[in-house]
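The values are calculated or read from the model by the stated rules, or taken from the named source; none is laboratory data. This is a predicted model, so every value here is computed, not measured. Every residue, glycine as well, gets a Cβ built from its backbone with ideal geometry; the counts of neighbours run over all protein chains shown.
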Amino acid sequence: MDEKNAEHGYHTLIAKSPVIREILDIIEKAAKTDLSVLLLGESGVGKELFAEQVHLRSKRKNSPFVRVNCAAIPEGLLESELFGHIKGAFTNAISKRQGRFEIADGGTIFFDEIGDLPLPLQAKLLRVIQEKKFEKVGSDDTITVDVRIVAATNKDLEKQVQNGLFREDLYYRLNVIPVNIPPLRKRREDIAELAHFFLKSFMKKNKKHFEGFSEDALEAMLLYSWPGNVRELQNCIERACVTGKDKLIKIENLMIKPSSQPQFIDNGLIYSFEDQKTVKGKLKENSANRNLKTAVNAFKAGFIRKVLDENNWNQTDASRVLAIQRTYLSRLIKELKIEHSSLQFNQKE
């Protein structure tokens, strides 16, 4: 986390990996405009945090940032939530109410899970984007607002358009600046830093103290696939903080199931989950020639080679990802006889 981020309130977003820094560069440029931004990515990657970055880096940063979770609000209430209503507009409408668009006037409105927005409301949202006008439920009076639209989804909106589930014209209005946020397993440089960030936060919350993570706990986190992405990592660290009793968070505190590990190691190479049967068979064949030290060295060599390949064999960058000193990395490369290779991370037999 750099000082610039801390000074401007960007403290909740870790940006160590090159891909996230590139995304922040795009967001920095997008924030200077009023163009719509569409954030794409798996559930749990932190799309809301990136939406906040668009707002915080814009001229609207001192105005409201209003969230709308399209999947969490019942369809029958969503129109009133967005546009408000007047007294008597429907049963239980005992007083008039402001909608999210009115509240967000001058600021940013963030539509999370935009792919779940019902078709009738898609048409009304399109009108607000185009004309900046709407009417409250039950009213004929037109309200004009000035809002920035940021939307996010884990769905394939193009496919939804093809299937008639999402309006094509709205899709193009939202998709002016698309930003694809990669899953955590594809930006492993962020895992250790995120883990330490969350640990520091939860130590304060739970009034506990840890010196950090054990080596095997860090290795387990780096290898785990994190299907729930950053949200899963956050929950994992909070649980570990609550259950941990020693100076260091240990692997058993993380409660990462071994069966969930996505990689299998053999002769210094890391194989993908799809190669499980092949690798297990080979390990069984060679079990007579294996011992714990050999297996550990094979694991280290495979993982270090993967990180080196991902960083174009730049040892400075690789050592930063591995959270070790560059001199120690150079020594490991010699000791484990790790050679430059064009073999890919998911190479098969």
Are any of the residues in segment 201-213 touching a Phe, Trp or Tyr at 6+ places or on another chain (Cβ under 7 Å), among the aliphatic types (A, V, I, L, M) and farther than 30 Å from LEU117 by Cα? yes
If I filter segment 41-64 for residues that are touching a residue at least 40 places away in the same chain (Cβ under 8 Å), of a type in the set (Gly, Ala, Ser), at positive phi and out of contact with any helix residue (DSSP H, G or I) (no Cβ under 9 Å at 6 or more places or on another chain), do I get at least one hit? no
Quick check on this structure: which one of PHE110, PHE50, PHE65, PHE101 is farther than 30 Å from ILE191 by Cβ and aromatic (Phe, Trp, Tyr)? PHE101
Scan segment 190-212 and give yes if some residue there is farther than 18 Å from SER43 by Cα, surrounded by 15 or more Cβ atoms within 10 Å (Cβ to Cβ) and among the polar types (S, T, N, Q), otherwise no. yes
Within the set of pairs 6+ apart or on separate chains, which have a first residue in segment 302-329 that is at pLDDT 80 or above, a second that is charged (D, E, K, R) and surrounded by fewer than 20 Cβ atoms within 10 Å (Cβ to Cβ), and C-beta atoms under 6 Å apart? ASN311/ASP317; GLN315/ARG326; THR316/ARG326; SER319/ARG326
Residue hits (segment 130-163; under 27 Å from the mean Cα position of the chain (by Cα) and under 25 Å from SER58 (Cα atoms)) are VAL147, ARG148, ILE149, VAL150, ALA151, ALA152, THR153, ASN154
From the set of residues in segment 177-189 that are of a type in the set (A, V, I, L, M) and either surrounded by 19 or more Cβ atoms within 10 Å (Cβ to Cβ) or part of a helix (DSSP H, G or I) (or both), which is modelled with the lowest pLDDT? LEU184
I'd like to know if segment 249-262 contains one or more residues that are modelled with pLDDT of 85 or more, of a type in the set (D, E, K, R) and not in a helix (DSSP H, G or I). yes
In segment 63-101, how many are over 26 Å from GLN160 (Cα atoms), at pLDDT 95 or above and either outside the structural domain of LEU170 (by TED's automatic domain parsing) or not in a strand (DSSP E or B) (or both)? 2
Condition test on GLY106, is it in the same structural domain as LYS47 (by TED's automatic domain parsing), under 28 Å from the mean Cα position of the chain (by Cα), among the small types (Gly, Ala, Ser) and surrounded by fewer than 15 Cβ atoms within 10 Å (Cβ to Cβ)? yes
Residue by residue through segment 1-23, note down the ones that are crowded, with 18+ Cβ neighbours inside 10 Å and modelled with pLDDT of 90 or more. ILE20, ILE23
Out of the residues in segment 122-155 that are in contact with a strand residue (DSSP E or B) (Cβ under 8 Å, 6 or more places away or on another chain) and of a type in the set (D, E, K, R), state the one that is surrounded by the fewest Cβ atoms within 10 Å (Cβ to Cβ). ASP141
